[in-house]
Amino acid sequence: MKILILNGPNLNLLGKREPGIYGSRGFEDYLAELKILFPEVELSYYQSNHEGDLIDKIHDVGFEWDGIVLNAGAYTHTSIALQDAIRGVNTPVVEVHISNVHQREEFRHHSMISCACVGVICGFGLDSYRLAIEALKTLTSPSQQKGNKIVAKKKEENNK
């Protein structure tokens with residue numbers, strides 16, 4: 001099983017940026033922990049502050065990999081292009097946020113990408129990523145594939 005963790009703008013500053021909201025732990029340290037927790041999953045990580053790079057990465061893995069965990073950062077609230085990229089691939093995408101965006105500024109309450117994702121996890125700190133990986137493992141497991149309406153629906157929508 002191959003899952004890409006894709007982080008958007010300013011998430012390279014985790015551990016330094018607003019620790020009251022995002023915590024004091026860097027993502028690379030947490031990624032090492034995820035790899036220990038999920039030895040059966042090939043986890044790959046990519047971060048970019050550039051919208052086009054995120055779109056290119058979704059295109060690169062979106063037809064062959066088993067899942068994408070996407071924290072699009074501020075692009076969550078503005079990017080129709082990311083929504084289109086997610087809709088354009090077959091790989092299921094789980095949207096994640098470290099903070100509970102619904103407890104923050106009003107503009108963060110709306111996501112432009114949620115409608116294209118199989119699910120959204122927010123507010124559990126870095127643990128949101130672990131929860132997303134667990135969800136993708138369940139969604140894409142062979143025992144779930146037959147009756148899994150979410151993944152089947154996503155693939156059907158993308159084939160239209």
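The H on the amide N of Tyr45, modeled in the peptide plane, is under 5 Å from the matching H of Ile5, each at least 5 residues off or on a different chain.
Other residues within the sphere of radius under 13 Å centred on the Cβ of Val96, judged by their own Cβ, net out at -2 (K and R +1, D and E -1).
Spacing of the modelled spin labels on Lys16 and Phe124, each 7 Å from Cα toward Cβ, amounts to 2.9 nm.
Descending by average beta-carbon neighbour count within 10 Å, the peptides 45-57, 63-75, 129-141, 25-37 line up as 63-75, 129-141, 45-57, 25-37, the highest first. Working note: Karplus 6.51/-1.76/1.60 with θ = phi - 60° gives the range 63-73 the couplings 10, 10, 7, 8, x, 10, 9, 10, 10, 7, x Hz, where Gly and Pro are set to x. Taking a Cβ cut-off of under 12 Å around Leu70, the surrounding Lys, Arg, Asp and Glu residues balance to a net charge of 0, with basic ones at +1 and acidic ones at -1.
Laboratory data are not the source of any read-out in this text; all were calculated from the coordinates shown. Please read these numbers as outputs of a predicted model, since none were measured by experiment. Every residue, glycine as well, gets a Cβ built from its backbone with ideal geometry; the counts of neighbours run over all protein chains shown.
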